[in-house]
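Comments concern the structure below.
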Amino acid sequence: MEDAAVSTTARALIEAAQPIHAPPTSFWRRYVFSIDHKVIAKQFLWAGLLFLLVGGTLAMLIRWQWAFPYRPVPLLGRIFFAKSGGVIGPATYQQIFTTHGLIMIFFAVTPVLIGCFGNFLIPLMIGARDMAFPKLNMYSFWTFLLSQLLVLASFLTDLGSGGAGWTTYPPLSTNVGMPGLGQTLIVSAIFVTGISSTMGAINYVTTVIRMRAPGMTYMRLPLSIWGLWLTAILNALFVPVLGMAALLLLLDRNFGTQFFVAGASAVRGGGDPILWQHLFWIFGHPEVYILILPAWGILGDVLPFFARKPHHWYKGTVWAMVIVTVLSAMVYGHHMFMTGMTPLLGEGFMLFTLLISAPSMVVVLNWVLTLWRGSVRWDTPMLFALATMFVFGVGGLTGLFLADISMDLYLHDTMFVVGHFHFTMAAASFIAAMTGIYFWFPKIFGKKLDERLGKAHFWFTFLGITLVFAGQLLAGYAGQQRRLFDPFQYTFIQGLRGLNRWTSFFAFALFAGQFIFVWNFFKTLFGKANPAGENPWGVTTLEWTETVSPPPFHNFEHIPEVVRGPHEFANPEVLRRTGRDYIGQAEQLPDLAGAELAAAKG
Amino acid sequence: MMAPLREHGYGLPRDVSYDGFRIDELIHFTLAAIVVIFVVVAATLIWSFIRYRRDRPALYTHGTRGSISVVLGAVALVLFAIDGNLFVHTLHDMHEYFWNFARAEAAPGAVRIEVTAHQWSWEARYAGPDGKFGTPDDVVTTDDIRVPVGVPVVVQLASTDVIHSMNLPNFRVKQDAVPGTITWLTFRPKVPGEYEIACAQHCGANHYKMRGILAVLPQDQFREWYAAAGADARRAYDPDDSEAHWGWEWRTQP
């Protein structure tokens, strides 16, 4: 368990490789154009949470439409849909669900999970003083902000924002279906955010490979870092594919090329709309794992932290996550089962899709066995972690239906799919992000969020999310299709009015409950109470044990020397020697006092 | 003829096809399987939470050979008993029924229809008495497809503008209509009545209105309608109306 200490010469070299710089003094360098990974993490957090509110509001508009079609939207209607008397029209509706999906995935969950936690945690958890490329990190954020502005600008154009769905399938997303400037801005935003993600990903991958503290071997990395690192690898490999596809689509829209146009709209031959789907989903399916791997990672640390028990079969989870990462690009065809693909190809994708359930099950069962015979602390981060487990479990299990071509003949493009991916990639990644925020808030801001408000927020979120997305699963099971402005045009869906209305009420409660979090966030941030201390949760990883809260500009006074894995809890030897049930990753186990040693010898 | 009926609201809509039960059975099997998995895992956790409270220290283990075997055993069990079962059944059903267009077409009395989807309706074309598509006796309808009960129906799908998806929830089948290519769909209706054709792929602002009616008629009624419609089509044929001549030569399964 214990390593031989690193020699003094080696120590000096390690320190010299990452010298301590004086923090910048000017306001702009310190808070705005900062190259400090912790400040950039906060910038991503603010940008992400703000857009989470935008995306959430759009979701409420969709829910209003399904509960009360053709009725004026209260409060917001008069501001946003004044021309139609507060009522959402079909053309507006398609922009609402398109931008809801895009914003939530690219501009809300991605910046919080990857932009904020990736930036904040990677250097601190591996024992580095900053990212490998601090300036690239800054560029990544400002490019990201540009892409967010492009999305906002799209709402202000004459024909409104993009309306071709977040998947942006051509020919609908070309001038054939969406002639407005809004769609062009949306596709540009995808391209620009792709550049931002690629820059961030290169930085993360390099930092984890090159800048781990001495002793921080791959098999001692906290699972959060494994999740973020694998996500960064997927981002670096597949986001450029999306970016290039978006570029081709922009050429189709604005320069008369025809990469994705076919049929009667095409002049002289044309291209292939299905090509877009291949390019999109070879990114799009890994994207699901891009969002879920950091969530798995956060759970992999928070569950053992609050069960006060080492993670069960750490290596098994690591390899399972690696296998998922590899397989993630080999299953994307299940999004295209209905496009008329060659049966053999479809069956291959089905096989891989079913196989990817095996490593996912290893991850989940390891969580279960981590909790088994643990000594569970029911703090707010733990509640959110357990809820993540629950929603991811439900989402994963419902995925079994959709992996199969024959069940997809019925379920494809229904609300069942919507419920499934909201449980997995929306609910699980959102609640995992909340887990992370409640857990690392003391480290990021130096203060602890209020527990009672946190628990109230938890119940609204957990029950709300479960009921809303269960409602979607039920509606889809009964055949209700997605993306319908007025589902009740169809006789076979008319029996689902009540279900849709109830689901909407739960959604409104879920949305309202989030303001408890907003209140808690600002109250804690600007209030005086709750100074967190160095290690308020009593856990083991470097950011808690080797530095103060919040950490200084250079993170660590001395680069820590890691001597053990990330989850050393409940070790009887540690308890005997320190009186604690945990020991930090870089903490030397103290020798027994002389008397005790003598007693032990007999 | 009755208008499409309302469904119960919850649960699968009525299945009015000969092969839909294959999908329903798989859905019910999967549902049962995931409920069992969910209950076992949830019960394990809840039992652990109640039995081992925070006042006692946690068990110190990083996983033993025994506990890792439990994980691998459970994964193997699910993989073979559930995933394996789904894979084999799906393969069989797709090969024998849902994607076996040659077999459906070879059945005596099988009906062939060409469907062109466009924003926002379904145009259907029958070959007419001469059995050839793109000839003056073709029967052409809009948002109104009629088929006889009991025989396989084979549809070839095309789209002129954007991607659509022909969804027949009561028959448990759907298929995208993609500009530039021709795709296939087959089903075999069992119960006469009117059912809905829905567009399952977002295709623009009025996507929600892209609704058609599929009428399943008793054999004699279908023959009667088909003969009359063929005669009407010949009388109404206009060789100069190129817009109406969108039919293509029937393809054989690749």
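The values are calculated or read from the model by the stated rules, or taken from the named source; none is laboratory data. Quantities reported herein were computed from a predicted structural model and do not represent experimental measurements. A quick note on method: Cβ atoms are made from the backbone with ideal geometry, for glycine too, and the neighbour counts reach across all protein chains shown. Calculation scope for accessible area: heavy atoms of the full protein, side chains included, ligands and nucleic acids excluded. Shrake-Rupley method; radii C 1.70, N 1.55, O 1.52, S 1.80 Å.
Things to note:
- Protein-protein interface of region A:245-274, residues with accessible area decrease of at least 10 Å², isolated chain reference, 1.4 Å probe: A:262, A:263, A:264, A:265, A:273, A:274
- Residue-count net charge about residue A:84 - beta-carbon cut-off 13 Å; Lys, Arg +1, Asp, Glu -1: +3
- Its alpha carbons considered, region B:37-190 gives a radius of gyration followed by a Dmax of 26.2, 86 Å.
- Treating r as the C-beta distance of residue A:76 and residue A:486 and R0 as 25 Å, the FRET efficiency rounds to 0.85.
- For region A:458-602, the percent of C-alpha pairs falling in each 5 Å distance bin, counted from 0 to the bin holding the largest distance, reads 2, 8, 10, 10, 9, 8, 9, 8, 7, 8, 7, 6, 3, 2, 1, 1, 0, 0.
- For chain B, built as a Gaussian network whose Cα springs stay under 10 Å, the top-fluctuating residue of B:70, B:78, B:162: B:70
- Per the Cα gyration tensor, chain A maps to an equivalent ellipsoid with semi-axes of 43, 26, 24 Å, ordered largest to smallest.
- Residues of region A:209-232 with an amide N closer than 19 Å to a point placed 7 Å from the Cα of residue A:7 along the Cα-to-Cβ direction: A:214-216.
- Between 0 and 90°, nearest 10: helix A:134-154 axis offset from chain A longest Cα axis: 30 degrees
- Degrees, to the nearest 10: A:429-445 long Cα axis against longest axis of chain A: 40 degrees
- Rounded to the nearest 10 degrees, the inclination of helix A:343-355 to the longest alpha-carbon principal axis of chain A is 30 degrees.
- Descending principal axes extents, region A:244-318, alpha-carbon based, whole Å: 66, 21, 16
- With the Kirkwood sum run over all distinct C-alpha pairs, region B:113-254 has a hydrodynamic radius of 15.4 Å.
- Put simply, region B:7-93 fits an ellipsoid with semi-axes of 38, 19, 5 Å; these come from the alpha carbon gyration tensor as the roots of five times its eigenvalues, largest first.
- Span-rule helices in chain B, defined as complete DSSP H runs reaching 30 Å or more along the axis (Cα) with Kyte mean at least -0.5: B:20-51
- Simple point charges give the picture: +1 on the Cβ of Lys and Arg, -1 on the Cβ of Asp and Glu, and for the protein assembly as shown a dipole about the Cα centre of about 2840 debye.
- Simple rule: put +1 on each Lys or Arg Cβ and -1 on each Asp or Glu Cβ in region A:424-547, find the dipole, and look at A:442, A:456, A:472; the Cα lying farthest toward the positive end is A:472.
- Relative contact order (%) - chain A, alpha-carbon pairs under 8 angstrom, separation at least six: 15 percent
- 10 Å Cβ shell holding at most 12 others, DSSP loop, trypsin sites (Lys or Arg not before Pro): longest site-free stretch of chain A: A:1-267
- For region A:481-533, the direction-averaged projected area of the alpha-carbon convex hull comes to 5.9 nm².
- Two-decimal Rg to Rh for region A:345-476 - Kirkwood Rh, Cα set: 1.05
- Approximate spin-label separation residue A:522-residue B:67, in nm, with each point projected 7 Å along Cα-to-Cβ: 4.5 nm
- Chain B packed on chain A takes about 7800 Å² of accessible surface away from a 1.4 Å probe, both sides summed.
- Computed helical MRE - 222 nm, chain B, DSSP H runs ≥ 4 contributing -39500 (n - 2.57), nearest 500: -10500 deg cm²/dmol
- Accessible surface calculations at 1.4 Å, restricted to protein heavy atoms, place the protein assembly as shown at 38 Å² per residue.
- Comparing A:90, A:107, A:144 along the charge dipole axis of region A:56-162, the residue lying farthest to the positive side is A:90, per the Cβ-charge model.
- Between B:181, B:90, B:116, the GNM of chain B built on Cα springs shorter than 10 angstrom shows B:181 fluctuating the most.
- Once you divide the Cα radius of gyration of region A:1-132 by 2.2 N^0.38 Å, the number left is 1.67.
- Here the protein assembly as shown has 65 percent of its accessible surface on carbon and sulfur atoms, given a 1.4 Å probe and all protein chains in place.
- Neighbours of residue B:182 by Cβ distance under 15 Å: Lys/Arg scored +1, Asp/Glu scored -1, total -3.
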